[in-house]
Structures are given as structure tokens and as C-alpha cells.
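Scroll down for the structure; my scribbles are underneath it.
The values are calculated or read from the model by the stated rules, or taken from the named source; none is laboratory data. In this text the structure is predicted, and so the values were computed from the model without any measurement. Here the Cβ positions follow ideal geometry from the backbone for every residue, glycine too, while neighbour counts run over all protein chains shown. Accessible surface is based on the protein model in full, side chains and every heavy atom, while ligands, DNA and RNA are left aside. Shrake-Rupley method; radii C 1.70, N 1.55, O 1.52, S 1.80 Å.
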Amino acid sequence: MKVRGFTLIELIITLLIGSLLLAWGVPNYRDFKMRRQIVDNANEFVYSMNLARAEAVRYGTVVTVSPVSNDWNQGWISTATGVGGNPDVKIEEHDPVQDINVTLTTNPGGSISFNRIGGLSGTNEAVFSLVHTGDSSRSRNVRVRMSGSVKVEEP
């Protein structure tokens, strides 16, 4: 009579190989997830800035992007200033960000505005710093130039 199945040695070797693969794969997945979070949040931020700029040109008025409760981590709101006595129009409200610290480094806590031709109002370009809370080496800067163009940079 022939016995079928795995021997104890085969089972142990299989578990050893599986645990080695897990030990190698889990840290890489964690790094991948952090990189993805910072890139996704930077892209959402760029989208919001580009939308505000486009709406400023579309409405022919000033569009302001301001933090919720003076904290960019709580989200941000894009608002078009009313023209001719009309009320202000809320264009977009972004939810709070998770695991990322967002700061406006050129004007902490302040807001930025796009003029009716899509340029940045004021005298300085705006630079936002997005840093992952789990690993401060994972970060991106979002630069809004005076022309209104938005660019993601690695610090």
C-alpha cells in the first residue's frame, strides 16, 4: 500500500520559502503604498489648482483656494468671487487628506488666488509641501508659479 501526501520535511521547506517571500515582500509593499499615497495626493492637489485656474478664466473673476479651518490637512475649498453683485460660487471642496501633512511654505495658513487671466494674484509664487507622516523622506512639493502653472517637484 502506497501512502500519499507530504512529508514533514516538505511541509517545513514550503513554509520556510513562503515566510522568506513574505519577509521580502511586505516591506516593499509598505514602501510602494507610501510612495503611491504621496503621488496620489500631489496629483489631487495639482488637479484642484488647475481647476481653480481654469474656472478663474472661465468666470473672468478671482478664484481663491483656501484651507478648511486654516489647516490644509483638513482639506481646501475653491471659491469664485461673485461678479456684478452675484454671490460667490463654491467650485470644489476637497476632503481632508490622510497620512500626509500639507503646508503652504510661502504663506503659512494663507490662501492663494488666481486672477481672471489665470495668473497667481500677489507677488510670490506658492509652494506647498506634502510630507508623508510615516516617513518624512517621502515628500513632494507642489509649486504654483506666478503664471498660474502648477508643477510637482521632488525636494
Exercise. Among the residues of segment 82-104 satisfying the criterion of being under 23 Å from ARG36 (Cβ atoms) and in contact with a Gly (Cβ under 6 Å, 6 or more places away or on another chain), which is least open to solvent (accessible area, probe 1.4 Å)?
Worked result: HIS94
Seminar exercise, completed: Sole miss for GLY60 among (1) without any contact (Cβ under 8 Å) to a residue 40 or more places away in the chain; (2) on the phi > 0 side of the Ramachandran plot is condition (1)
Seminar exercise, completed: Within segment 126-155, of all residues that are in a loop (DSSP other than H, G, I, E, B) and modelled with pLDDT of 90 or more, the one surrounded by the most Cβ atoms within 10 Å (Cβ to Cβ) is GLY148
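Listed here are the residues, each with its yes/no results for (1) part of a loop (DSSP other than H, G, I, E, B); (2) more than 30 Å from ARG116 (Cβ to Cβ); (3) modelled with pLDDT under 90.
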site: ILE38; (1), (2), (3): no, yes, no
site: ASN43; (1), (2), (3): no, no, no
site: ASN50; (1), (2), (3): no, no, no
site: SER66; (1), (2), (3): no, no, no
site: GLY82; (1), (2), (3): yes, no, yes
